[in-house]
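What follows is calculated from the coordinates using simple rules that are stated; it is not laboratory data. Please read these numbers as outputs of a predicted model, since none were measured by experiment. Cβ coordinates were reconstructed from backbone atoms using ideal geometry, including for glycine residues, and neighbour counts include every protein chain displayed.
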């Protein structure tokens, strides 16, 4: 039986990661877990996020996956001492390498907990943290790209106009704001954490070409409240799961 690749996030943000993985590995099968019951992670304590992350990892292990992608910066920042029987691919280190390759003054737009943990400073000591957990709630409510989200982004980013060369989108939800961010910080090079995993996934596991590209989405919340209209796979159904 062909094993799936497990991917999880606190909600819809990791679907940006999943989109990129599907594009790069179309023959692989994926199992995505949206932990909306516990969303947002970025306003919880480190201990709470660590416990939640470990539960999600153990759940995916029981689904007989061959690798686990933590498509969440906040979960990654609080998971480095969690081990698994399968490879765990974390999002912060490859994103940091991409940003370092661009260079200059680097900013990190991420959740409050990711910023307070100095998760990116582990690899980029001089990076400037910009806490923005408010953007997660806006995205989960389906309001990314609206006038409301633009006004919030202006308040967050205007103080950094002309002061940054590179901006890391250090939360996978923030991919949904890329156009608005570019319109505010016009000359900044954006490094999207959602696009960092696919380049390194093959280093951790055997890539197979005999699958059918099956995608299954699970949520710990109400499937009808998961805003995935923008997700590239229109034929995917969402199922509730209790962890």
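Couple of notes before you dig in:
- Estimated purely from DSSP H runs of n ≥ 4, each contributing -39500 (n - 2.57), the mean residue ellipticity at 222 nm for the chain is -9000 deg cm²/dmol once divided by its residues.
- Linear extension gain, residue 240 paired with residue 126, 0.36 nm per residue minus alpha-carbon span: 36.9 nm
- Judged by the mean number of other Cβ atoms found within 10 Å, the most tightly packed of the peptides 5-14, 155-164 leads the ranking 5-14, 155-164.
- Extended-chain gain in nm, criterion 0.36 nm per residue less alpha-carbon gap, residue 2 and residue 178: 59.8 nm
- Debye intensity ratio in log₁₀ form over the Cα atoms of region 92-193, taken at each q of 0.13, 0.15, 0.23 Å⁻¹: -0.39, -0.53, -1.27
- Gyration tensor (alpha-carbon) shape descriptor, region 1-115, a/c threshold 1.5: oblate
- Descending semi-axes in whole angstrom, ellipsoid equivalent of the chain, from the Cα gyration tensor: 27, 19, 17
- Rounded, prolate or oblate (a/c below 1.5 giving rounded, otherwise prolate when a/b exceeds b/c) for region 139-243 by Cα gyration tensor: oblate
- C-alpha long axis of helix 147-157 to longest principal axis of the chain, angle in °: 60 degrees
- In terms of other Cβ atoms within 10 Å, 79, 193 run from fewest to most in the order 79, 193.
- With each label modelled as a point 7 angstrom along the Cα→C-beta vector, the residue 101-residue 205 pair spans 2.3 nm.
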